[in-house]
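Notes follow the structure.
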Amino acid sequence: MNGGDIAEAITLYQYSATARSSARGQAVVRTLGDLYRRHEIGFHDLGPPTLHGNWQRRAGDDLQVNINYIDRLPAAMRLGGLSLLLVHEATHATVAFPSLYSEMAARLLSIGYFQELSGPGVFNEANDPPRPGQPSSIVHIAPGSFPEFGRMSEALRKDQLIDYILSIPDYTGPGYITPRWIVDNLTNWRGLRNRWPKTRGLYIRLLADSRDLYFNRAIIDIMESIEHRPDWDTMMGAAGSLRSIQLALDDLSAQPQYGGRIVALERRWGAHLLEEIPRM
């Protein structure tokens, strides 16, 4: 693939219903056009195809496409796959959001675009009339050709896109999620009971590691949101060191509004959430 393919992939998105139906979609079109005119989109060897591309503000190509990922795609899927990737990365270049919200925005827009490409398809203005050997100017990708988009679409349908993103280790560092972020978002996306058990375990680990009573209080709320044993076990498996959790809950246990709740959790799940005091 070459620069001409990049231009065609941008044009494909530009005339999609996804791009034309929202202000953000149109803003991404402008970003892509600007980056292309300044020669800041390019193909690079970024290593394994699991890394599709990236966006960084730096000298040279700001929006980099991993040629190893594109080459791995079936020929019939490359234009659609390239266009999806450009939309994702260009959303990062468009929005002025903190890192985790930027990732959500990029995936929301690309999910909508994937649903259009895998549904009715998108008319390719750059292939009108169709080239020899190509019976149609409609670009359509098979729904199962990009499994990650199927999983993201299902997560979005359940209001669990945040869980999908946080299941990727790259997005669990302090540049993405902090104890403050967790506490501020406990009730969002249908609340704690709609979070994956592993997400709740991640929350507990980060809150416990903070060693801050204000944040540690939320650990109890998170634990109380679990209703079934397998979910408890999954959550605690992702929650990190039991010792860290015990230290986080130790000071809270002396306060009447929290002590009884911690004991109730211990009894319900047979857990040792408080450090046992050695007998004399």
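The values are calculated or read from the model by the stated rules, or taken from the named source; none is laboratory data. As the structure is a computational prediction, the values presented were derived from the model and not from experiment. So basically every Cβ, Gly included, is an ideal-geometry build from the backbone, and we count neighbours across all protein chains shown.
All of (1) at pLDDT 90 or above; (2) surrounded by 18 or more Cβ atoms within 10 Å (Cβ to Cβ); (3) among the aliphatic types (A, V, I, L, M); (4) outside any loop (DSSP other than H, G, I, E, B) hold for Leu108 with one exception: (2). What's the total number of residues in the range 173-197 that are assigned to a loop (DSSP other than H, G, I, E, B) and surrounded by fewer than 19 Cβ atoms within 10 Å (Cβ to Cβ)? So the count comes out to 12. The residues in the range 220-246 that are assigned to a helix (DSSP H, G or I), within 23 Å of the chain's Cα centre (by Cα) and surrounded by 14 or more Cβ atoms within 10 Å (Cβ to Cβ) can be counted, and the count is 6. Gln115 falls short on exactly one of the conditions (1) surrounded by fewer than 21 Cβ atoms within 10 Å (Cβ to Cβ); (2) farther than 20 Å from Ile10 by Cα, and that condition is (2). Looking across the range 1-55, the residues that are within 24 Å of the chain's Cα centre (by Cα), surrounded by fewer than 18 Cβ atoms within 10 Å (Cβ to Cβ) and part of a helix (DSSP H, G or I) come down to Ala17, Arg20, Ala23, Arg24, Gln26, Ala27, Arg30.
If the condition is being assigned to a helix (DSSP H, G or I), surrounded by fewer than 17 Cβ atoms within 10 Å (Cβ to Cβ) and of a type outside the set (S, T, N, Q), then the range 247-260 contributes Leu247, Asp250, Asp251, Pro256, Gly259, Gly260. Test Asp163 against the stated conditions and say whether it is in contact with a Ser or Thr (Cβ under 8 Å, 6 or more places away or on another chain) and of a type in the set (D, E, K, R). Yes: the conditions hold for Asp163.
The C-beta contact set for the range 194-213 (first residue free of Cβ contacts under 8 Å to residues at least 24 places away in the same chain, second residue not in a loop (DSSP other than H, G, I, E, B), distance under 7 angstrom, 6+ apart or interchain) comprises Tyr203/Ile182; Tyr203/Ile222. For Leu84, the requirement of being closer than 20 Å to Glu148 by Cβ, in contact with a Ser or Thr (Cβ under 6 Å, 6 or more places away or on another chain) and buried (at least 20 other Cβ atoms within 10 Å of the Cβ) is met.
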